[in-house]
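Below: the structure, in structure tokens.
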Amino acid sequence: RYGDVTAAEKRWGVPAPRKETNSPSISLLSMVQLTRDGEWRKLVADYRLFLDDLLRGKYSAARQLVRSIDPHHAVSFRMSNAGDPLYNWDAALPFDFYGLAEAVDIWAPEAYGRIGDWERVRAGDFTAAYARLCDASKPLMWAEMGYSVWDLNRMAPDPEKLAFEGRYYADFYRMMTESGADGIFFWWYPGGFRLGENSDFGIINPDGTDRPVTKVIRREGPQFLKARKPGKPDYWIAVDRDRDARGLFGMYETANAEFWKAMTEGHRPALKWERKPGVATLR
């Protein structure tokens, strides 16, 4: 992109990270640079673009391999925290939808970052909006969603957690309907203590009787399947991943107030690129 490291450093305005002084090789960026905005913003923008290219190449190769024997198979994978606008942890860097847009057939984020009250759950609306910004032609399916109700002190399900689980699932159905999601996989079916993980994510009791969450699924599931998709967007919000070193999290910090205000006022907000990733660093 720039010819050599020296030229790149001039564009970035900061020195490239190196394992050793005067080494010709660039090392990995620090998590501080990836989770905090700062003077290293242009360097991080190019690093994220490098990750986009790396993911696109590796996952495209995997998809092509599957399609070589099954051309009708929709290929994707559980995307962990990819697309979570509230995720900004210094121990891990999520994949970005932008880098996967040409390498998968289904958007498949996991939902563990959505555990909480409605304010926490509703951020899935922004996940869906970002997925459609990156590629609106792909369906969005929540690849894994659940909540453990086990109390390790009592070695039994916690009644308060069971009640919360039901409310959480109801809120999640609401978010999926509002955002026009296409499906979900719950983790998981049978209730009871799971050895090793020390959890109970079940949506039904071990004896086959209903839990509060079971009743929610029976009620909300058919309504979700019959729900009409949201209308076409009527309010556009411009975003730029390169404007903030924190990536999607920084994008959300900038856009979320306008996004939720538009939702509250009855609009159907959507995202558009002010500048696609990488454009700003070419100048």
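Below, the figures for the structure above:
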item: Rel. contact order, % - alpha carbon contacts under 8 angstrom, at least six apart, the chain; result: 17
item: Greater than 23 Å apart at Cα, pairs in K19/K58; K226/K272; K58/K229; K138/K226; K19/K276; K138/K272; result: K19/K58; K226/K272; K58/K229; K19/K276
item: Note, ³J(HN,Hα) from phi for the stretch 50-62, Karplus 6.51, -1.76, 1.60, rounded to Hz, x at Gly and Pro; result: 4, 5, 4, 5, 5, 5, 4, x, 5, 6, 5, 5, 5
item: Interchain or long-range residues, amide H under 5 Å from G83's placed H; result: F97
item: J(HN,Hα) series, the stretch 181-188, from Karplus relation 6.51 cos²θ - 1.76 cosθ + 1.60, nearest Hz, glycine and proline x; result: 5, 9, x, 7, 10, 8, 10, 9
item: Per residue accessible area in Å² of the stretch 174-283, where ligands, DNA and RNA are left out and the probe is 1.4 Å; result: 56
item: Accessible carbon and sulfur surface of the stretch 63-175 relative to its total accessible area, %, 1.4 Å; result: 53
item: Table column - 3J(HN,Hα) (Hz), the stretch 98-107, Karplus curve with 6.51, -1.76, 1.60, x for Gly and Pro; result: 4, x, 9, 4, 9, 10, 9, 9, 9, 6
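The values are calculated or read from the model by the stated rules, or taken from the named source; none is laboratory data. Nothing here was measured: the structure is a model prediction, and the numbers come from that model. Note: areas computed on protein heavy atoms with side chains; ligands, DNA, RNA excluded. Shrake-Rupley method; radii C 1.70, N 1.55, O 1.52, S 1.80 Å.
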